[in-house]
Amino acid sequence: MASEMPEILVVEDDPAVRNLVATALDVHGYRPREAATATAALRDLTSRPDLSLVILDLGLPDRDGVDVIRALRGWSRTPVIVLSARQEDADKVAALDAGADDYLVKPFSVDELLARVRVALRRLAYEAPADPQPSAYRNGGLAIDFDAGVVTRDGAEVHLTPIEYKLLTLLARNTGKVLTHNYILKEVWGQVVASDLPSLRVFMATLRKKIEPDPANPVYLQTHVGVGYRMMSVEPPAQP
Ligand code: CA
């Protein structure tokens, strides 16, 4: 939904600072998510691709924040604003070189942080429109023509129900990323109702029967137990 306000992940181990930032974001209409460790941040970043911005502390209890930036830059250009007590130039340079977009030293002004959030999101909005949704998808023997709404496997058309098609295209557009149950429910059904989880499993099972060469050993749709599903990248079929 385009009208929804951007989601922003706040990574900070100090609960007072985390609450301050999250509350300020919430008051200004953003949707803050919170993580207290680098591990929790990376789990959130890999499982929920619907993120607009990261506000990141560097002094985290498990790993350095710079490691989080480096890892994130392996697959994502989501803007990162560092919020750190470290004020040495060398620390700023290390964070910016790792891929941070901006750097704010603690103690900080909430108004300045919000201004920098607006700048980062504006930059993102300028860059984003040049990236239209592709009209075709190909992965191994699986192909989707988004304009025609046609799915083929090894050249043969696969007949999907509207829900199965929405599920497949959502996972395909996020190939390589784990999508959580809640994210999928929200995107496909428009809401998150815990009781819908069993129906999601049923739809995934029928979808697998239609697109997997061997549904018992899926190569496309990988299950992450208790988390969600991922579309795997599959090698193109070998030419005989
Ligand atoms: Ca800290």
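The values are calculated or read from the model by the stated rules, or taken from the named source; none is laboratory data. Computed from a predicted model, the values in this text were never measured in an experiment. Ideal geometry is used to build each Cβ from the backbone, glycine not excepted, and the neighbour counts take in all protein chains shown. Just the protein is used for accessible areas: all its heavy atoms, side chains included, with ligands, DNA and RNA removed. Shrake-Rupley method; radii C 1.70, N 1.55, O 1.52, S 1.80 Å.
Things to note:
- Computed in the context of the full set of protein chains, the accessible area of the chain at 1.4 Å probe radius has 54% of its extent on carbon or sulfur.
- All other residues whose Cβ lies under 9 angstrom from that of M231 are scored, Lys and Arg at +1 and Asp and Glu at -1, for a net of +3.
- Note on segment 5-140: along the principal axes its Cα atoms extend 48, 30, 25 Å, ordered by decreasing extent.
- Vicinal HN-Hα couplings computed from phi for segment 112-120 (Karplus, 6.51 cos²θ - 1.76 cosθ + 1.60; Hz; Gly/Pro x): 5, 4, 5, 5, 6, 4, 4, 4, 4
- Degrees separating the helix 89-98 axis from the principal Cα axis of the chain, which is the longest one: 10
- Averaged per residue, the chain has 52 square angstrom of accessible surface, using a 1.4 angstrom probe with ligands and nucleic acids left out.
- Among R123, R153, R31: highest mean-square fluctuation, GNM of the chain, C-alpha pairs under 10 Å: R123
- Most mobile of D57, D91, D111 in a GNM of the chain (Cα contacts under 10 Å): D111
- log₁₀ of I(q)/I(0) at q = 0.11, 0.14, 0.15, 0.17 Å⁻¹ - the chain, Debye sum with one point per alpha carbon: -0.67, -0.97, -1.06, -1.23
- Helix-only mean residue ellipticity at 222 nm for the chain, each DSSP H run of n ≥ 4 adding -39500 (n - 2.57), per residue, nearest 500: -12500 deg cm²/dmol
- Under 12 Å from the Cα of K177 - aspartates and glutamates, other chains or at least 8 residues apart: D44, D50
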